[in-house]
């Protein structure tokens, strides 16, 4: 049975700056205190390291039913993994990763800064996080969250409408029509509605720290709708010993390893130059990769004010009619049909001064 007490340990900053006891051998002059220990790395939660770059190798091929891509774009740290021993948010002193790696409270010992993360080796810092976790936590800081596969939005809103500081806060669940749903928790913004059909790679919201969270991140999970929303590890199991968890469905990543959705991302290019025929006019051009692009162009005057100029337009060129002896530049923003956005500015352009007796 799925338990949704989604603990917010899954942010990077607290662990990067945590304190640990000083070594007794590091003697200091009287009156001086030991400096604070600063961890300069984050323990790798995946078999291929700390970062999910979209190019890692899980070492396993996809199941015949594989259907997932990553729920974000760009490299991000994985802060917590799926515990095969056992994903029920209970604490039993043992964490098992999809490749068979494990850590125990008795052998490796707990992380001094988080008691439910254990080291894989005695006195080591190779911690796995965290005991009982039923999904993956990614260090997304108020960034776009993408649908991991096509489907229909099953729910979109507060997981507990009566408590906005409980559970996973603002949450989206997507039914993929194969008996499985994807789950996106702790969001700061929701861009879809219940019953809406979404595409792979579509922006569905913005990550955040709503619910039981101490910092911004994304909790991502897969759940079996035919077994009372039993959690499923999208990595499956590739350990050398039998899977301690009986309800996995094999490796569900489309290529066997996590990859970003193959969708075009916007990258705005904006240019501005004086018109050859009218020195008080400026030729402005804008473009971007992406599908169904919708642009907005604003003009910035020399006093720093930004004013609307063009909106709801496609890539193209237009002429801005300015005034003499003024500096202008242009801010161009775009949104694709899948909700990805980008913005960039042009270079600045100076219109010439009027000569004596010249009309504007």
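Expressed in Å, the radius of gyration and Dmax of the Cα atoms of the stretch 269-350 are 12.8, 41. Taking a virtual spin label 7 Å from the Cα of residue 115 along the C-beta vector, which residues in the stretch 84-101 bring their backbone nitrogen under 14 Å of it? 91-93, by backbone N distance to the label point.
Looking at the chain, send over the antiparallel percent of its DSSP beta bridges, to the nearest 5. Given both bridge residues lie in the chain, the antiparallel proportion sits at roughly 100 percent.
The distance between label points at residue 326 and residue 163 comes to 5.7 nm (points 7 Å beyond Cα on the Cα→Cβ vector). Packing, as the average of other Cβ atoms within 10 Å across residues, places the peptides 205-211, 113-119, 53-59, 298-304 in the order 205-211, 113-119, 53-59, 298-304, highest first.
Stokes-Einstein diffusion for the chain at 4 °C, viscosity 1.567 mPa s, with a Kirkwood radius from C-alpha pairs, works out to 56 µm²/s.
Computed with the Debye formula from one identical point scatterer per Cα of the stretch 43-196, without solvent, the log10 of I(q)/I(0) at q = 0.08, 0.11 Å⁻¹ comes to -0.26, -0.49. Compared with the alpha-carbon gap, the fully stretched path from residue 196 to residue 246 is longer by 14.7 nm at 0.36 nm per residue. Distance between the 7 Å Cα→Cβ label points at residue 319 and residue 126: 6.9 nm.
When the helices of the chain are scored as -39500 (n - 2.57) per DSSP H run of n ≥ 4 and the total is divided over every residue, the value at 222 nm lands at 0 deg cm²/dmol. Taking label points 7 Å from Cα along the Cα-to-Cβ direction, residue 63 and residue 255 give a separation of 2.1 nm.
Computed from the coordinates by the stated procedures, all read-outs in this text should not be read as laboratory data. Fair warning: this is a prediction, and the values are worked out from it, not measured in the lab. Every residue, glycine as well, gets a Cβ built from its backbone with ideal geometry; the counts of neighbours run over all protein chains shown.
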